[in-house]
Structures are given as C-alpha cells and as structure tokens.
Amino acid sequence: MVDEQGSSLDVMYVLTVDQRGSTGRPDRVPEVLARLDEMLAGRGVVVPFARTVGDEVQGVLDDPEAVVEVVLDLLRDGGWSLGLGVGPVDEPLPAVSREASGTAFVRAREAVEQAKSRAATAPVAVRGEPAARAAEVEALLRLLAAVVDRRTAPGWEAVDALARVGGPQKDVARALGGSAQAVSQRLRTALWPEEAAARPVVARLLGELHEGPPADRQEEKA
C-alpha cells in the first residue's frame with residue numbers, strides 16, 4: 001500500500017532491545033548484536049540491528065516468525081527489556097534504525113519503556129493495531145517467557161539438541177547418549193511441545209496486526 005506522498009505503508013516490526021540494570025555492569029551490546037546477526041543471517045531483516053544510544057539496540061524485521069524467534073531467544077539470554085512496535089514506517093528506510101521514523105518506531109519506544117517496568121522473567125511488551133490483538137500477542141509472549149525462564153539445564157540440552165539435529169528423537173537421543181524415551185520425557189518436562197505449538201500461533205497473530213484501526217482500513221478499501 002502507498003500513501004498520497006508515495007511512501008510505503010507496509011507493516012514492519014521494530015524491535016527495541018535495552019540492557020537491564022546496565023549501570024555498573026559490562027556493556028553487552030556487542031555481544032547481543034553478534035548473537036542477532038548469527039541467528040538471523042539476514043532472514044527477515046529490513047534494517048539490521050545496531051546500537052541506537054547507550055546500551056540499546058534496534059532493528060526492523062518483516063517476518064513475524066523471525067520476530068518470535070528473536071524475542072524468545074533474547075528472553076532466554078536474559079538481561080534485556082524488549083519492546084516490539086508494529087505498524088508503518090517512513091520510507092525510504094535509512095541504513096540504520098536510529099535515523100528512521102514512523103508509527104512502528106514510536107510504538108516500539110512505548111513498548112520498551114513498558115517492558116522496563118516488567119519483572120525480569122517476562123520483560124516484553126507489544127504495541128500495534130488493533131490494540132486488543134497486540135495485547136493478545138503480548139500475553140502469549142509473556143506466557144512463553146515464563147516457560148523459557150523455568151526450563152532447566154537438562155531441558156535446554158534436549159531442546160537445543162533437537163534444533164541442532166533436526167531429525168527424529170532417536171537421532172537426538174544418539175547425540176545426547178541416551179534413550180529416545182528419556183529425550184521424550186525431557187522435552188515434555190521442558191514444555192517444548194507446547195512452545196512449538198504456540199510459536200506459529202503468535203506469528204500468525206503478529207501478521208494480523210496492521211497500521212491503523214479497522215475503520216481506517218475500511219475507508220481505504222472504499
């Protein structure tokens with residue numbers, strides 16, 4: 001979609017990530033930038049993640065599945081407040097997000113400020129339209145954050161092995177030096193089947209967020 005000035009109004013996902021309790025602690029920004037670069041490898045990246053100011057980084061994505069993956073990975077990593085803003089951006093986009101503007105950036109700023117006030121177990125907030133749908137996405141992400149926070153080291157070992165092997169559980173068991181039944185039990189205890197089922201639901205709901213209230217979209221179609 002294009003507005004009267006010719007600027008694209010395509011929905012983008014702006015993720016602002018701020019280090020928690022950074023005063024007196026080492027700067028982890030280089031670490032998280034390397035982590036995100038390796039994880040995404042350009043997938044879904046519109047504007048690469050980069051430092052904006054202080055101990056904060058920001059990037060722009062266009063793939064809701066990649067957004068969910070990044071959010072859950074950073075929640076696992078710990079020590080970050082995550083603000084996700086969904087909506088249009090002013091185009092053309094610059095090479096770095098700190099020079100960009102648009103509704104999605106405003107919403108991401110609001111979201112990260114909200115996330116900073118949240119408990120360390122679920123420091124994530126989402127802003128978008130319709131607001132009720134954004135709240136649903138946020139609720140699901142916070143629920144998954146609780147799962148991630150409570151997962152034990154043996155659970156993570158099984159989950160990571162499954163992701164690395166990418167095959168049946170007997171292959172995972174072989175990689176871990178155990179039985180398929182033991183791996184299955186560890187994955188169940190880690191609530192991995194529930195997380196794996198919820199991830200695409202969250203991505204779908206993210207994809208249903210748009211740039212304005214439904215009435216605005218109806219007027220545009222008219």
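Laboratory data are not the source of any read-out in this text; all were calculated from the coordinates shown. Since we're looking at a predicted model, the values are computed, not measured. Cβ coordinates were reconstructed from backbone atoms using ideal geometry, including for glycine residues, and neighbour counts include every protein chain displayed.
Which listed residue (A175, V165, V147) has the Cα farthest towards the positive end of the charge dipole for region 88-191, taking +1 on Lys and Arg C-beta and -1 on Asp and Glu C-beta about the Cα centre?
It is A175, whose Cα lies furthest towards the positive end.
Give or take rounding to whole Å, what are the principal axis extents of the alpha carbon atoms in the chain, in descending order?
Extents along the principal axes: 62, 47, 30 Å.
If the label point is 7 Å along Cα→Cβ of D27, which residues in region 42-67 have backbone nitrogen under 15 Å from it?
Counting only backbone N, you get 50-58.
At a Förster radius of 35 Å, what calculated FRET efficiency corresponds to the Cβ-Cβ distance of A196 and V106, to the nearest 0.05?
Plugging the Cβ-Cβ distance into 1/(1 + (r/R0)^6) gives 0.60.
Could you check the spin-label model distance between A120 and L143? Points 7 Å from the Cα along Cα→Cβ, value in nm.
2.6
How large is the dipole of region 66-222 about the Cα centre if only Lys and Arg carry +1 and Asp and Glu carry -1, each at its Cβ, rounded to the nearest 20 debye?
Dipole magnitude for region 66-222 comes out near 740 debye.
Extension gain R164-V53, at 0.36 nm per residue separation less the Cα-Cα distance, in nm?
Gain in length upon complete extension: 36.5 nm.
Under the definition of Cα pairs under 8 Å and six or more residues apart, what whole-number percent is the relative contact order of region 105-162?
25
Quote to one decimal, in nm, the extra length available between Q185 and E99 on full extension: 0.36 nm per residue of separation minus the C-alpha distance between them.
Result: 26.1 nm gained on full extension.
Work out, step by step, the length gained on full extension between D10 and R35: first 0.36 nm times the residue separation, then minus their alpha carbon distance; give nm to one decimal.
Working it through step by step, the gained length comes to 6.3 nm.
Express in whole angstrom the spacing between the alpha-carbon centres of region 127-195 and region 86-102.
Using only Cα atoms to place each centre, the spacing works out to 33 Å.
Okay, helix-only estimate at 222 nm for the chain: each DSSP H run of n ≥ 4 adds -39500 (n - 2.57), divide by all residues, round to 500 deg cm²/dmol; what do you get?
-16500 deg cm²/dmol
Find the relative contact order for the chain and round it to a whole percent, using C-alpha pairs within less than 8 Å whose residues are 6+ positions apart.
Normalised by residue count, the contact order of the chain is 20 percent.
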